[in-house]
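Okay, so here's the structure we're looking at.
The values are calculated or read from the model by the stated rules, or taken from the named source; none is laboratory data. Computed from a predicted model, the values in this text were never measured in an experiment. FYI the Cβ positions are ideal-geometry reconstructions off the backbone, even for glycines, and counts take in every protein chain you see. Side chains are part of the model used for accessible areas, which takes the heavy atoms of the whole protein and leaves out ligands, DNA and RNA. Shrake-Rupley method; radii C 1.70, N 1.55, O 1.52, S 1.80 Å.
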Amino acid sequence: FHVKLLAGRQVLITAGPTFEPIDPVRGITNLSSGKMGYAIARAAREAGAEVTLVSGPTALATPYGVHRINVQTAQQMHDVVMSHASGQDVFVAVAAVADWRVANASAQKIKKNADGGVPQLAFEQNPDILAAVAAMPGRPYCVGFAAESEELLRHGEEKRRKKGIPLLVGNIGHQTFGRDENELVLFDDAGHAQLPRADKQVLARQLVAEIARRI
Ligand code: C5P
């Protein structure tokens, strides 16, 4: 990447899953390795941007030169993102955020019941981080991701409109989790365009170039 397409730009990225505790040793989470988000963070930094990566639990190394902030829950990810969002040029929401958290999480490990009784979990909704950033006055250029298992072309454009964002990136198929390769469709005002199957780092560079020419 020899052309610094994002020189002097500030880019905020969420990546990985969130983890919502049930008790101190248990929780619920989403399937996400973080690879796509980390690849975008690396590509944005290579393109000259100052990159802040807000990451749920992953097994990945921090890309060179990227400022990484670790979080566990969706609420924590929301709070960190909102405290860093103003002044950003671009926000890319790649994280697989848990839609719900456990409302009655236990401070102590829940004991197994001898009579076979099971704990009853109650859920409450987590904040939509992308929607919160997209609603900010003077918001950054917002990019969302969608992992739809069917009818991506219709659902992708629907989601872009519903979220009120200029660019939505669809993962084609749902076999991408943890893999090194992916295939993307970009939805914007002009329609949709495909980025054919390639290594996630190659796709991340292409996506960064697409973002750079839109801002
Ligand atoms: O509506 P859906 O969850 O499919 O939208 C996915 C997009 O919204 C992704 O970009 C994801 O990072 C973002 N999102 C978010 N906060 C949530 C749920 C999703 O930022 N609570």
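If only one of Ala132, Ala105, Ala114 is away from the ligand (no atom under 16 Å from the Cβ) and closer than 21 Å to Gln75 by Cβ, which one is it?
Numbers: Ala132 fails: away from the ligand (no atom under 16 Å from the Cβ); Ala114 fails: closer than 21 Å to Gln75 by Cβ.
Being away from the ligand (no atom under 16 Å from the Cβ) and closer than 21 Å to Gln75 by Cβ holds for just one of Ala132, Ala105, Ala114, which is Ala105.
Determine, yes or no, whether Arg42 is surrounded by 17 or more Cβ atoms within 10 Å (Cβ to Cβ) and outside any strand (DSSP E or B).
On the way: surrounded by 17 or more Cβ atoms within 10 Å (Cβ to Cβ): yes; outside any strand (DSSP E or B): yes.
Against the criterion (surrounded by 17 or more Cβ atoms within 10 Å (Cβ to Cβ) and outside any strand (DSSP E or B)), Arg42 qualifies.
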- Message: Restricting to segment 8-33, name every residue that is hydroxyl-bearing (Ser, Thr, Tyr), part of a strand (DSSP E or B) and open to solvent by 10 Å² or more (accessible area, probe 1.4 Å).
- Response: Thr29
- Take segment 54-105 and flag every residue that is within 17 Å of Pro24 (Cα to Cα), over 16 Å from the mean Cα position of the chain (by Cα) and surrounded by 15 or more Cβ atoms within 10 Å (Cβ to Cβ). Arg101, Val102, Ala105
- Task: For residues that are buried (at least 18 other Cβ atoms within 10 Å of the Cβ) and assigned to a helix (DSSP H, G or I), tally how many sit in segment 128-156.
- Result: 6
- Note on the structure: Subset of segment 135-161, residues more than 8 Å from the ligand (Cβ to nearest atom) and charged (D, E, K, R), comes to Arg139, Glu150, Glu151, Arg154, Glu157, Glu158, Arg160, Arg161
- Test each condition in (1) farther than 30 Å from Ile22 by Cα; (2) at pLDDT 95 or above for Glu157 and report the one that comes out false. (2)
- If you take the residues of segment 117-127 that are of a type in the set (S, T, N, Q) and open to solvent by 80 Å² or more (accessible area, probe 1.4 Å), which of them is farthest from the ligand (Cβ to nearest atom)? Gln120
